[in-house]
Amino acid sequence: MKTIGVFFAPFQVSSIPEAHRNLLAEMHQHFTDVVIALLVRRVTPTKNAPLDYAARELMIRQYYVPGSHYVYVVPVVDKKYPEDQVKALESAVMALFSEPVHVSLYADADFTKLYKENGGKWFTPKNNVAAILLGHEADERGKRPVLSQDYRSGVICGMRNQFPISWPTIDMAIRRVVVIDREAPPHTEVRFLFGKKPGEKNWRFAGGFKDRGDLNFEAAVYREGGEEVLQKGVKPGDVFDYPQYICSRNVNDWRYRGEIDGITTLFFLLNFHGTDDQIKAGDDLCDTAWLTIAEVRKQGIEGEHCYLLDALART
């Protein structure tokens, strides 16, 4: 019976690392055939998976030409469920062979564990050096590249071939009711907290990018509210009501001028129940003020926030 060694690895590097070549050479000594299985992601190029299948296959083919050290290369399409991922890997490899074979799998520790727990049928070596090698591969991706023409061409090609990105941000209309005249009946006025960035002439709503660590957009509102307009130590949950969604809008941010990528902001309303001494401009704001909608229209608001102000006025 044929013995097959399968190396399931990203190969998300500019050239095949020496450690990978050593492992594959050792596998050629122990197995009838060697297969490199490459995971094919369903998303556009990412930081950890910048190369598509064709680029990685070509890199391997340029090194492992037909002969004594030939390797098979197969794509394995990414699957949502672990059991389906195991089946996809096994099916992709077994399609290469018409007769019964004995297979040993070399993969990183996480996938080896997943494979065993989800019906994997192949042998997985106890001393799995592949797990260590794949850690080295991740280190190689993090190293500063050689700033050659080929490198620059690759970066340009990669960026131009990804889908346009809409970066998610949040902006917040922070509202409080101010008593102007306490005589009965008391006269009140609704004001909103606006801020200014260094170098900007007009007011804007406080806000910022949603971080990947934010569980949802409401959590991003609380985090940004704390960073942008609250004194250190003041908890957003103690002075703000729960955010109320108003609208969303593509923003013509000057930093993305002429780009196909851009910002889409989600606009929220928060009621403020704190005191003035709890407010302080922070993060990338240098000034704050409580203003009515009429006052901020008169003083001026940044162009990209005009739509948000109109939406707030209609609320």
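Read-outs: derived from the displayed coordinates by stated rules, not from any lab. Predicted, not measured: the structure shown is a model, and the values here were computed from it. Glycine gets a Cβ as well: all are built from the backbone with ideal geometry, and neighbour counts include every protein chain shown.
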(request) Pop out the ³J(HN,Hα) list for the stretch 234-242 in order, Karplus 6.51 cos²θ - 1.76 cosθ + 1.60 with θ = phi - 60°, rounded to Hz; leave Gly and Pro as x. (result) 7, 8, x, x, 7, 10, 10, 6, 5
(request) Just rank 160, 176, fewest to most, by other beta-carbon atoms within 10 angstrom. (result) 160, 176
(message) Suppose only helical runs count, i.e. DSSP H with n ≥ 4. What mean residue ellipticity at 222 nm does that imply for the chain under -39500 (n - 2.57) per run, divided by all residues and rounded to the nearest 500 deg cm²/dmol?
(response) -10000 deg cm²/dmol
(message) Only counting other Cβ atoms within 10 Å, I'd like 81, 106, 63, 115 sorted with the fewest neighbours first.
(response) 81, 63, 115, 106
(message) For a test of the definition: using alpha carbon positions, the gyration tensor, and the 1.5 limit on a/c, classify the stretch 42-82 as rounded, prolate or oblate.
(response) oblate
(message) Sort 169, 3 by Cβ crowding within 10 Å, fewest neighbours at the top.
(response) 3, 169
(request) Quote the convex hull volume per residue of the stretch 223-315, based on C-alpha atoms, as a whole number of Å³. (result) 122 Å³
